[in-house]
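Structure record follows, encoded as structure tokens.
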Amino acid sequence: AKGDDTKAIVSILEVEDSDLVARLVAAGVTESIARTLASKDREECERQLDALLYRDRIKDRGGYLTKAIRDKYAMPTKMEQAQQKQSAEKQQTAKDVLREQYYGAYSAYLNEELEALQTRHPKARKVFDDDFAQFASLPFEQAEADRDAMRIGCFERFITENSGLEILTFEQWLERGK
């Protein structure tokens, strides 16, 4: 059974290597050099193939790619920027998912804190109430539920701007275990 597992792994690696060799050949590297590069440094081959999309004005793509793999060229700035942007977008998406998942519970927490603010910080509560009254008086129609959601949204912004109130932001609330 152990021999069968080893054969299966070797078979998978051969398929992966042949796919990598095919990609290198398609990019202009000769097959024999592509096989050598793939067997020596698979990860660098993948990295440089990805980077090739971000490199401009290359006359001999195969020769350039071969040298880039062997010498481990740095990644192009455009590629790094694209990766950073993609990473930031993924992080924001993850935050948005968490926010959607827990916002009802966080809103309940904010409602409790807003009510408690009257006792703990009456001046801050008056400032918030006055600010919200001005905002809520803007000319647009809204249902009562929408008004409550707006009130909580405004309060969330208010606590962010007034950190001395010691009311948790959404991120802090999540970190503390909801």
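A few notes on this one:
- Subset of the range 70-87 that is in a helix (DSSP H, G or I) and in contact with a helix residue (DSSP H, G or I) (Cβ under 9 Å, 6 or more places away or on another chain) - its residue that is least open to solvent (accessible area, probe 1.4 Å): Met79
- Taking the listed residues Lys90, Lys67, the one that is under 19 Å from Val29 (Cβ atoms), in a helix (DSSP H, G or I), open to solvent by 80 Å² or more (accessible area, probe 1.4 Å) and of a type in the set (D, E, K, R) is Lys67, with no other qualifying.
- Among the residues making up the range 64-84, those that are at pLDDT 95 or above and among the basic types (Lys, Arg) are Lys67, Arg70, Lys72.
- Residue that is modelled with pLDDT under 90 and not basic (Lys, Arg), where the choices are Glu141, Glu171: Glu141
- The listed residues are Arg57, Arg99, and the only one of them that is open to solvent by 60 Å² or more (accessible area, probe 1.4 Å), of a type outside the set (Asp, Glu) and part of a helix (DSSP H, G or I) turns out to be Arg99.
- For the range 28-46, the set of residues classified as surrounded by 17 or more Cβ atoms within 10 Å (Cβ to Cβ) and farther than 14 Å from Asp17 by Cα consists of Val29 only.
- Selected residue (only one of Glu44, Glu112 is in a helix (DSSP H, G or I), of a type in the set (D, E, K, R) and touching a helix residue (DSSP H, G or I) at 6+ places or on another chain (Cβ under 6 Å)): Glu44
- Condition met for Ile152 (touching an Asp or Glu at 6+ places or on another chain (Cβ under 6 Å) and either more than 30 Å from Tyr54 (Cα to Cα) or open to solvent by 80 Å² or more (accessible area, probe 1.4 Å) (or both)): no
The values are calculated or read from the model by the stated rules, or taken from the named source; none is laboratory data. A quick note: this is a predicted structure, and the numbers were derived from the prediction, not measured. With ideal geometry, Cβ positions are generated from the backbone for all residues, glycine too; neighbour counts draw on all protein chains shown. Areas reflect the complete protein model, heavy atoms only, side chains present, ligands, DNA and RNA absent. Shrake-Rupley method; radii C 1.70, N 1.55, O 1.52, S 1.80 Å.
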